[in-house]
Amino acid sequence: MKKIGLIGGMSWESTLIYYQLMNQQIRERLGGFHSCKLVLDSVDFAEVEHLQHQQDWGALNELMIESAINLERAGAELIILCTNTMHKCAQAIKSHTSVPFLHIVEATGEQIRKEGIDRVLLLGTKFTMESELYPSILKNKYLTNCLVPNAKDQQTMHHIIYSELVHGIIKQESRSQLKEIISKSIKEGVQGVILGCTEISLLLRPVDVSIAYFDTTAIHARAAVNFALN
């Protein structure tokens, strides 16, 4: 089993899910007393959140590079970044480390391709929804069109994530708002929804949607375990 390196803390609520999912999958696949070999470098999300809203991606690159190097020095044989938005720093991480980096969008794209879907809705932070992080990779590599909510709904999503989910706050009202956003997209021909923020699965469950459901946290964790065992 290879050792997985996690860059976490963004937020720790979702990093906890990564840890739990990967250990559960190792136990299910290997049985007995097996658990996942991993090392975690967890950052202070207050610093990250401040730099995000200052749009200081240079400083954020440096933070992510530092964490990735820490993991490599600790013996990690694979690096995963336990957050969607911070994958805007993926290239900086890859250019400063020598171990494989498992990209969350590519892992998700592989799953979308298996489902035979070519039109999806992306939910996430405004940083993610306003960027080409998902649309460019999904279109160029997986021939999938990626739609985002309108500006008002993007602001609603962003507020729910930063004011509630990263603090572990779950509200039925917010779940209803997300379901309404998804319902509007279905009328535009969307066949699946990407939970493009690792905290959204805390709020939105498969039973809450009538279309294909792509939980990027679960997909990413499963892909990391596949790598570790192969």
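The values are calculated or read from the model by the stated rules, or taken from the named source; none is laboratory data. Being a predicted model, the structure only gives us computed values, none of them experimental. Please note: Cβ atoms are built from the backbone with ideal geometry, for glycine as well, and neighbour counts cover all protein chains shown.
Among the strands (runs of 3 or more DSSP E) confined to segment 1-88, the ones with at least 3 residues that are in contact (Cβ under 8 Å) with a residue 60 or more places away in the chain are located at 4-8, 78-81.
Residue 163 meets the conditions (1) free of Cβ contacts under 8 Å to residues at least 12 places away in the same chain; (2) crowded, with 16+ Cβ neighbours inside 10 Å in every case but one. The failed one is (2).
Residue by residue, here is whether (1) touching a Leu at 6+ places or on another chain (Cβ under 6 Å); (2) among the small types (Gly, Ala, Ser); (3) in the same structural domain as residue 23 (by TED's automatic domain parsing); (4) crowded, with 18+ Cβ neighbours inside 10 Å holds:
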residue	(1), (2), (3), (4)
128	no, no, no, yes
142	no, no, no, yes
155	no, no, no, no
159	no, no, no, no
175	yes, no, no, no
192	no, yes, no, yes
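From the list 228, 221, the lone residue that is of a type in the set (Gly, Ala, Ser), surrounded by 18 or more Cβ atoms within 10 Å (Cβ to Cβ) and out of contact with any Leu (no Cβ under 6 Å at 6 or more places or on another chain) is 228. Consider segment 178-212. How many of its residues are under 15 Å from residue 162 (Cα atoms) and assigned to a helix (DSSP H, G or I)? Counting residues in segment 178-212 that are under 15 Å from residue 162 (Cα atoms) and assigned to a helix (DSSP H, G or I) gives 4. The set of residues in segment 89-100 that are surrounded by 17 or more Cβ atoms within 10 Å (Cβ to Cβ), of a type in the set (A, V, I, L, M, F, W, C) and touching a strand residue (DSSP E or B) at 6+ places or on another chain (Cβ under 7 Å) comprises 90, 93.
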